[in-house]
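Here you go, one structure.
The values are calculated or read from the model by the stated rules, or taken from the named source; none is laboratory data. Since we're looking at a predicted model, the values are computed, not measured. Ideal geometry is used to build each Cβ from the backbone, glycine not excepted, and the neighbour counts take in all protein chains shown.
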Amino acid sequence: MEKGKSKLFFTLFVLCFLSVGCACGTADAVQTLPAPSVAKPSPVKPQPVDFSDCYKYFKFNSDRLFYLTLASVNANRFNILEIQSRSGYIIFSVAKKEFLASVVKIDEKNSILKITPCNNIYYFPAGIVQNMFKYIELNANTPVEQLKVL
């Protein structure tokens, strides 16, 4: 019975998570874009990006995912504007566009990373999100270490 409740909770959580959208944009800023063509465009050129491509489920805790996300922003040489470790979000900018990377804890061993544009206009290079997810997946087994800084 406990397993059934956790599956129901997870399903409801994901549905609520997907319906909320980005907290940093406004409803006025939502823009309708044409459907993408059949051929996959280059991840470097601005293009319409589907919201389902902006979040990913990871099988490790939210603290680890937060640190990996922060490392990914740094490794991709994006400009960090704000970090809130308690809430689990990072606001960064790329090519004069701001993005919100938010880490959501599902349970002790699972979490979700959502990377969305702060202005709620999903027309940007898809490589921004893809590179972040790829970096996290490649470095998932790297231990988190505390640097000895004076």
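So which of A95, A101, A71, A75 ends up being of a type outside the set (S, T, Y) and at pLDDT below 90? Before the answer, list the steps.
Numbers: A101 fails: at pLDDT below 90; A71 fails: at pLDDT below 90; A75 fails: at pLDDT below 90.
None of the other options fit; the residue is A95.
Is it true that some residue in segment 94-105 is among the aliphatic types (A, V, I, L, M), in contact with a strand residue (DSSP E or B) (Cβ under 9 Å, 6 or more places away or on another chain), surrounded by fewer than 20 Cβ atoms within 10 Å (Cβ to Cβ) and on the phi > 0 side of the Ramachandran plot?
Within segment 94-105, one or more residues are among the aliphatic types (A, V, I, L, M), in contact with a strand residue (DSSP E or B) (Cβ under 9 Å, 6 or more places away or on another chain), surrounded by fewer than 20 Cβ atoms within 10 Å (Cβ to Cβ) and on the phi > 0 side of the Ramachandran plot.
Within segment 126-138, is even one residue in contact with a Leu (Cβ under 6 Å, 6 or more places away or on another chain) and either surrounded by fewer than 19 Cβ atoms within 10 Å (Cβ to Cβ) or not aliphatic (A, V, I, L, M) (or both)?
No; the residues of segment 126-138 include none that is in contact with a Leu (Cβ under 6 Å, 6 or more places away or on another chain) and either surrounded by fewer than 19 Cβ atoms within 10 Å (Cβ to Cβ) or not aliphatic (A, V, I, L, M) (or both).
Yes/no matrix, rows are residues, columns are (1) at pLDDT below 85; (2) buried (at least 16 other Cβ atoms within 10 Å of the Cβ); (3) in contact with a strand residue (DSSP E or B) (Cβ under 8 Å, 6 or more places away or on another chain); (4) closer than 18 Å to Y135 by Cβ:
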site: K7; (1), (2), (3), (4): yes, no, no, no
site: T11; (1), (2), (3), (4): yes, no, no, no
site: V20; (1), (2), (3), (4): yes, no, no, no
site: V30; (1), (2), (3), (4): yes, no, no, no
site: F60; (1), (2), (3), (4): no, no, yes, yes
site: F66; (1), (2), (3), (4): no, yes, yes, yes
site: G88; (1), (2), (3), (4): no, yes, yes, yes
site: E108; (1), (2), (3), (4): no, no, no, no
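I'm checking my understanding of the structure. Among residues of segment 108-122 that are among the aliphatic types (A, V, I, L, M) and under 14 Å from the mean Cα position of the chain (by Cα), which one is nearest to K96 (Cα to Cα)?
Top of the filtered list is I115.
How about segment 81-148: which strands (runs of 3 or more DSSP E) wholly inside it have at least 2 residues that are in contact (Cβ under 8 Å) with a residue 60 or more places away in the chain?
Working: elements: 89-94, 97-107, 110-117, 123-125.
Qualifying strands (runs of 3 or more DSSP E): 97-107, 110-117, 123-125.
Among the residues of segment 40-70, which ones are of a type in the set (A, V, I, L, M, F, W, C), within 14 Å of I115 (Cβ to Cβ), touching a residue at least 60 places away in the same chain (Cβ under 8 Å) and not in a strand (DSSP E or B)?
The answer is V49, F51, C54, L65, L68.
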